[in-house]
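So the structure is just underneath, and the comments pick up after that.
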Amino acid sequence: MAMRLVDYPEDIALHASSARMKPIVLLDLKAQYASIREEITTEIARICDDQTFVLGEPVARLEREIAAYCNARHGVGCASGSDAILLALRALGVGPGDEVLTVPYSFFATAGYIVHAGARPVFVDIESGTFNMNPALIEEALDRHPLVKVIMPVHLFGQCADMDPILEIACRRGLAVVEDAAQAIGAEYKGRRAGSMGAVNCFSFYPGKNLGAFGDAGMLTLNDDTLDANLRALRLHGGFTKYVHEWVGWNSRLDALQAGILSVKLKYLDKWTTARQRNADLYRLLIPAEKAVTPSIADYSTRHVHNQFVIRSDRRDALKEHLTANGVGTEIYYPIPLHLQKCFDYLGYKPGDFPESERAARETLALPVHTELRTDEMERVASLIAQFSSNYSRMDDSIL
C-alpha cells in the first residue's frame, strides 16, 4: 500500500474550501521542489545516462558531503533511517541478551530497530522543556539494567539532547553512545554538530525531514575507521569482498538516484534552516504564553534546526480540530509513547512509568514551520490559536 505524507490532507483542503480559505499545509514539498526543479531533473538525468543506480559515485559523493557537514570522519549511506539504527547497533556488537537505553517519546523505529538488532529496549523519561532524554535519570536506569550496552539519545524535533552528561556517564561505565539524529541534521550542541558526538550516529532522509529524499534514505556518521569498514560490509550482505561474507548482513544500500537528489538539496539546507529558525522565532512572538506553550531552546543548544515546531496545550485534541476546521495542517507527534505500545507489552511497563513522555503524548501539537511559510500564514495560525483559547476561557467562565 502506498504511503502518503501528511503534507496535503484532504480533510484540511475540504474545510479550507468550504471556508473560502487557502489551506496552510504542514509541509509544502511541492513549493520546495518547484524552486530547485531544474537542478533536480538535471541530476536525475545525469544518473540515468550513466546507468549506475546502486552505490557508485553519487553515493560516495553524498557520504563525503554529509560527513563534512556533520564534522565527522566518515559517512555511510543506507536504505533508511530505520536501517541506520539497526546497522549502528549491530556494528557495535549489540545482539541477543543486550539492552539499549533510549526514550519512550520518539518515532517507533527508535525502539523497534533495537528489537530487530536482537536487543531489549530500556526507557528513561524525557525533559519537559526539550522533549529529549533527561540525563539526571540515566544512572538510576543503568543501575536497574546492568545489561545495557548502548545509550541512544534522540535529538527530537531538531534540538540536540544534553550530550555532555550522557557521554560522561557512558564513558565512565564503558558504554557506547549512538545518536538518533533522524530529525536533527545541522543541529548543534555547544558548537558540535549532531552526528559528530556518538560512536555511530543515525540520520533519516525521509521526505518530510529538513533534508529529504524522494523516498526512503539514510546515513550513518562516525569517526572510527574500523567501524566504517564494518558498516559498509553490513549494509552489503556482510562482506568486504563480492561473494565472500564475514557476517550475515543486510541489503541496505543507499539508492544512487536518492543520493544525487540529496546532494542537490544539501546545498540549500542552511538557507532552509535559517528560514525555519526565523519562522519559529516569529511564532514565539505571535503566540502568547497563556494561549499555548511554545517549544523552549536549551542554553546548550547552539543551533536548533526546527524539524518540527511543537506546542503544548491541555486541550490539544480540540485545538487540532479547530485548526483543521480552519484550514491549518497539524500533526500529533506522538500520540502513544513507546512503552505503552501493544507490541512492547512484554517489557512490563505501565501507565505512569514515564510521566513526562505521557504528558507530551497528550499535549503536543506540531504547527507548520516549513521554509515556504509566509508571515501572514503564521499570523493566521497564531490568531486561530488565540481565538480558540479565548473561546474556551469564556466557556470556563460561564461554567463558573
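The values are calculated or read from the model by the stated rules, or taken from the named source; none is laboratory data. Computed from a prediction, not measured in an experiment: that's the story for all the values here. When we count neighbours, we look across all protein chains shown, and the Cβ atoms used for this are built from the backbone with ideal geometry, even at glycine.
Taking the condition of being in contact with a Pro (Cβ under 6 Å, 6 or more places away or on another chain), surrounded by fewer than 19 Cβ atoms within 10 Å (Cβ to Cβ) and of a type in the set (Phe, Trp, Tyr), how many residues in the range 104-118 meet it? Let's see the steps before the verdict.
Residues of the range 104-118 in contact with a Pro (Cβ under 6 Å, 6 or more places away or on another chain): 104-105, 111, 114, 118.
Then keep just the ones that are surrounded by fewer than 19 Cβ atoms within 10 Å (Cβ to Cβ); that gives 118.
Remaining after also requiring of a type in the set (Phe, Trp, Tyr): none.
Of the residues in that region, 0 qualify.
Every residue, every condition in (1) of a type in the set (Gly, Ala, Ser); (2) farther than 23 Å from Leu62 by Cα; (3) surrounded by 16 or more Cβ atoms within 10 Å (Cβ to Cβ), yes or no:
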| position | (1), (2), (3) |
| --- | --- |
| Phe240 | no, no, no |
| Ser263 | yes, no, yes |
| Lys271 | no, no, no |
| Arg276 | no, yes, yes |
| Val293 | no, yes, yes |
Unmet requirement for Gln258, which otherwise passes all of (1) over 26 Å from Val100 (Cα atoms); (2) surrounded by fewer than 18 Cβ atoms within 10 Å (Cβ to Cβ): (2)
Strands (runs of 3 or more DSSP E) (entirely within the range 146-243) containing at least 2 residues that are farther than 15 Å from Leu92 by Cβ and within 19 Å of the chain's Cα centre (by Cα): 200-204, 218-222
Failed item in (1) farther than 18 Å from Asp225 by Cα; (2) crowded, with 22+ Cβ neighbours inside 10 Å, with Gly77 passing the rest: (1)
Residue satisfying all of: in the range 324-337; touching a helix residue (DSSP H, G or I) at 6+ places or on another chain (Cβ under 6 Å) and among the aliphatic types (A, V, I, L, M); nearest to Phe157 (Cα to Cα) among these: Val328
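Any idea which of Arg253, Arg235 is basic (Lys, Arg) and crowded, with 24+ Cβ neighbours inside 10 Å?
Working: Arg253 fails: crowded, with 24+ Cβ neighbours inside 10 Å.
Within the list Arg253, Arg235, the selection yields Arg235.
Would you check which residues across the range 182-200 are at positive phi and either polar (S, T, N, Q) or touching a Lys or Arg at 6+ places or on another chain (Cβ under 6 Å) (or both) and list them?
Residues of the range 182-200 that are at positive phi, as a first pass: 186, 190-191, 195.
If the condition is that a residue be at positive phi and either polar (S, T, N, Q) or touching a Lys or Arg at 6+ places or on another chain (Cβ under 6 Å) (or both), then no residue fits.
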Number of the condition not met by Thr241 [criteria: (1) in the same structural domain as Thr375 (by TED's automatic domain parsing); (2) without any contact (Cβ under 8 Å) to a residue 60 or more places away in the chain]: (1)
Pair list, Cβ < 6 Å and 6+ apart or interchain, from the range 360-379 residues that are within 27 Å of Pro104 (Cβ to Cβ) to residues that are basic (Lys, Arg): Glu363/Arg312; Glu363/Arg316; Thr364/Arg312; Leu365/Arg316; Leu365/Lys320; Val369/Arg276
Ala259 touching a residue at least 40 places away in the same chain (Cβ under 8 Å) and not in a loop (DSSP other than H, G, I, E, B): yes
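Okay, residues lined up against (1) at pLDDT 95 or above; (2) within 24 Å of the chain's Cα centre (by Cα); (3) not acidic (Asp, Glu):
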{"site": "Ser301", "(1), (2), (3)": "yes, yes, yes"}
{"site": "Ser313", "(1), (2), (3)": "yes, yes, yes"}
{"site": "Glu363", "(1), (2), (3)": "yes, yes, no"}
{"site": "Tyr392", "(1), (2), (3)": "no, no, yes"}
Among the candidates Glu358, Glu363, Glu372, residue that is within 16 Å of Phe131 (Cα to Cα), charged (D, E, K, R) and in contact with an Asp or Glu (Cβ under 7 Å, 6 or more places away or on another chain): Glu363
Qualifying residue in the range 136-145 (condition: in contact (Cβ under 8 Å) with a residue 12 or more places away in the chain and in a strand (DSSP E or B)): no
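Name the one entry in Asp49, Asp125, Asp98 that is free of Cβ contacts under 8 Å to residues at least 24 places away in the same chain, charged (D, E, K, R) and assigned by TED's automatic domain parsing to the domain that holds Ala184.
Details: Asp125 fails: free of Cβ contacts under 8 Å to residues at least 24 places away in the same chain; Asp98 fails: free of Cβ contacts under 8 Å to residues at least 24 places away in the same chain.
Matching residue, one of Asp49, Asp125, Asp98: Asp49.
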